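These notes concern the structure reproduced below.
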Amino acid sequence: MDNRLQTKVAFVTGGGSGIGAAACRAFARAGAAVAVVDVRGEAARAVAEAIGAEGGTAIPFEADVADEGAVAAAIAQTATRLGGLHVIFANAGINGMQTPIAEMTLDEWHATIETNLTGTFLTVKHAIPHLRAGGGGSIIITSSINGTRYFSLPGYACYSSSKAGQVAFAKMAAIELARWDIRVNVILPGGVETNIQERTYRRNTEEVTYDITMPERFPPLRGHAADAADVADLVLFLASDASKHITGAEIVIDGAQSLLRG
């Protein structure tokens with residue numbers, strides 16, 4: 001039996017699908033009570049119900065991470081209903097509109113930045129008092145190799161900027177919060193089998209596309225995109241005491257994808 005997170009409470013944004021849902025299940029199987037947070041209430045409820053059916057404890061919240069009131073309320077209710085807060089997985093994110101910089105509207109820019117970067121800030125900000133009250137904890141942030149390891153995807157200027165910002169924010173938070181034994185680490189996934197493409201929009205990206213041919217086996221390790229559960233294994237490690245002396249780290253999980261692309 002996995003009891004790495006026994007008696008712990010975890011708060012997961014973007015928990016209704018993909019990496020977030022896989023992390024919620026991994027946390028629950030390791031003994032944590034989990035708050036499943038998603039902008040899509042039905043998705044959050046489905047994950048929470050599945051965890052309950054396995055004998056775990058989970059409560060769903062419908063919240064937009066860019067809405068400060070909604071985030072603050074979900075965190076406060078989690079701490080009250082589940083008895084504290086120990087693990088934060090700031091995972092919610094969107095690809096948003098992929099388009100040349102010259103064609104991107106300010107509203108399109110704001111939509112991606114507010115979800116990916118501002119949403120991370122709000123989640124961490126409102127979690128800090130509860131983590132301090134519990135004597136410390138672990139914060140994990142989902143960034144990406146885009147904007148941090150390579151910069152070749154057409155139309156990804158806004159998304160990549162938001163992901164680079166998350167890395168800088170994580171490092172600043174790590175040094176600031178270390179005095180209260182709060183660890184902050186950031187993961188950089190490459191290709192992962194999720195449904196994020198369903199909420200990705202493209203316009204005229206062919207204008208800024210380079211002709212790049214990748215080898216038949218891509219990425220080099222295993223030759224296929226990661227499963228969300230593969231990433232959840234890393235997140236569980238960073239949430240547990242097995243990583244108790246790790247903070248401020250950016251950990252790439254991409255099967256050598258970014259090493260090949262540069």
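The values are calculated or read from the model by the stated rules, or taken from the named source; none is laboratory data. Remember, it's a predicted structure, so these values are computed and weren't measured experimentally. In this analysis, Cβ positions are derived from the backbone assuming ideal geometry, glycine residues included, and neighbour counts consider all displayed protein chains.
Numbers at a glance
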item	result
Every pair of residues 6+ apart whose Cβ atoms lie under 9 Å, when the first sits in region 45-69 and is under 26 Å from GLU114 (Cα atoms) while the second is among the basic types (Lys, Arg) and not in a helix (DSSP H, G or I)	GLU62/ARG40
Counted residues, region 131-147 - those being of a type in the set (Ser, Thr, Tyr) and modelled with pLDDT under 95	0
Condition check for ILE141: out of contact with any Lys or Arg (no Cβ under 7 Å at 6 or more places or on another chain) and under 26 Å from ARG40 (Cβ atoms)	yes
Output for region 1-56, where each listed residue is among the charged types (D, E, K, R), closer than 21 Å to GLY84 by Cβ and assigned to a loop (DSSP other than H, G, I, E, B)	ASP2, ARG4, LYS8
Near pairs, Cβ below 6 angstrom, 6+ apart or cross-chain, from region 245-259 (farther than 21 Å from GLU193 by Cα) to any residue that is polar (S, T, N, Q)	ALA249/ASN185
Residues of region 78-94 that turn out to be in contact (Cβ under 8 Å) with a residue 24 or more places away in the chain, part of a helix (DSSP H, G or I) and not hydroxyl-bearing (Ser, Thr, Tyr), as a count	2
Residue that is farthest from VAL34 (Cα to Cα), among those in region 57-77 that are touching a helix residue (DSSP H, G or I) at 6+ places or on another chain (Cβ under 7 Å) and part of a helix (DSSP H, G or I)	GLU68
Matching residues in region 218-243 - criterion: being among the charged types (D, E, K, R), in a helix (DSSP H, G or I) and under 15 Å from the mean Cα position of the chain (by Cα)	ASP230, ASP233
Among the residues listed as ILE246, ILE187, the single one being part of a loop (DSSP other than H, G, I, E, B) and within 21 Å of the chain's Cα centre (by Cα)	ILE246
Identity of the residue in region 158-207, aliphatic (A, V, I, L, M) and at pLDDT below 95, that ends up farthest from ASP227 (Cα to Cα)	ILE196
Every residue from region 95-113 that is more than 14 Å from the chain's Cα centre (by Cα) and part of a loop (DSSP other than H, G, I, E, B)	THR99, PRO100, MET104, THR105
Count of residues meeting criterion [closer than 20 Å to HIS110 by Cβ, of a type outside the set (Ser, Thr, Tyr) and touching a Lys or Arg at 6+ places or on another chain (Cβ under 9 Å)] in region 144-187	3
Enumeration of residues in region 1-34 that are acidic (Asp, Glu) and within 18 Å of the chain's Cα centre (by Cα)	none
Matching entry among GLU68, GLU108 (being over 23 Å from ILE246 (Cα atoms), surrounded by fewer than 20 Cβ atoms within 10 Å (Cβ to Cβ), in contact with a Ser or Thr (Cβ under 8 Å, 6 or more places away or on another chain) and modelled with pLDDT of 95 or more)	GLU108
